[in-house]
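Below: the structure, in structure tokens.
The values are calculated or read from the model by the stated rules, or taken from the named source; none is laboratory data. Just so you know, these numbers come straight off a predicted model, no measurement behind them. Cβ placement follows ideal geometry from the backbone for every residue including glycine, while neighbour counts extend to all protein chains displayed. We work out accessible area using only protein heavy atoms, side chains counted, and drop any ligands, DNA or RNA first. Shrake-Rupley method; radii C 1.70, N 1.55, O 1.52, S 1.80 Å.
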Amino acid sequence: MTAAAAAVVLVATGGLVIAVRAEALQLVHQADKQHSYGHCREATEVLDELGSPHRLVAGDIVNVSVQGRRACEVLLDARSSDGEFEPDGLDDYLDHPGARWADAGAVRAALLLKLSDDAGNGVGYGSGYGDWDAPGRDPKQAVEQLAETLAAHPEESASVRDLMSVYVGGFKKEWFTESLDEESLAWDACAAREEYLWLHGGGWTEPELAEPIASTDDRGDDLLAGCAQVKQADEELNDARSLYGEYLETYADAPGAKSVRKMRDELVQSIRHQQVRDRAVANADHPADGSNIRACRDARCQVRVTSGTVLSIGGSGGPYEVLVWVHDKSVTAQLGGYIRSFSTNGGSIVSSDGYAAWSGAAKGELTLNDKVAIGVDGVRGDRATLSVWRVD
């Protein structure tokens, strides 16, 4: 009887041990599964169900879960109070030997690209796109991270491809607007183009990276023209002219070539005009025609004037009569003649029925009928130097 009872106890004990070990193994597997989804709070709650009996008879199984638990603690600490991941904390998680969440690399890349994560767990990415030069944005490190993710976790192929597709989608907007209207100008065109050139010169062989990049092969001309416009709007005229020239050499047959050529030609004319005006302003104390106001009758002169001087200007669209007043380092010109239109660059116009006057300081310009222009080269005391030229 004693031997039989002992045998029963042994069998019962053995069965209990097997059951406890099976339960420990199930809990660890369940936690690993949650961890692999990035659900570390749920994974930790599952591991918390491992108690003393599990540690006593299934210590080897419980010990396997230790690194995963510690990695999960790092991942949980990486989330800020608003639920977003902190980049440095996510880096710590990726470096941890117990990391199980394969998509963490893609989420880290999204952070480096400043892309939104609509799902909150790295599975889906929205279309949110930050500034090209936003603080902390590092596309080079992001793409390297995606390459590393593919090497370590080939099963993340779809996730990496989706993220790359969202990323390169930022290059697919319209960059060239056929005008310098600041409301429509893509001011980030130059930063985007620099990144575009780096990306297309990277030699990526992974299809998940290379194919989304290749989908933007047709954006190079638009980015180049857009960057030229930005340079022009920023008064970096020589750089803009060089970029327009590069476009016309590289994309001579592109649909936008005609518009780009027109802008380039207008810019070249503007640069030449500015060079002429700069020389005239520099020569204001020694005007080419002195005080000989008769030189202005052919609409080509540089003269010294005082208040009360009347310039009679000929040329296309004329004649024009201009009564000059010099005061307070500026010039006021009362306008007479058949004037259909006028515009100013660096001055102000007052007009009413039968009367029009323009006021401008040094470097200011007035254009009449799109045919003849008057510029203030300099003002000294009660005298001013004016230039008159024909608008070609």
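Annotations
- Given charges at beta-carbon only (K, R positive; D, E negative), |dipole| of the chain in Debye: 1800
- Span from the the range 160-191 Cα centroid across to the the range 334-392 one, whole angstrom: 40
- Among [x] 32, 25, 22; [y] 79, 21, 14; [z] 27, 26, 21, the entry derived from the coordinates for semi-axes √(5λ) of the Cα gyration tensor in Å: [y]
- Distance violations [Cα-Cα > 27 Å] among Lys140/Lys172; Lys140/Lys258; Lys140/Lys262: Lys140/Lys258; Lys140/Lys262
- Computed over protein heavy atoms with a 1.4 Å probe, the accessible surface of the chain works out to 53 Å² per residue.
- Principal-axis tilt of helix 237-250 within the chain, Cα atoms, nearest 10 degrees: 70
- Angle in degrees between helix 157-168 and the longest Cα principal axis of the chain, rounded to the nearest 10: 10
- Partner lysines for Lys363 [C-alpha distance under 18 Å; skip if fewer than 8 residues away on the same chain]: Lys329
- Amide proton proximity set for Phe342, modelled H, under 5 Å, gap of 5+: Asn369
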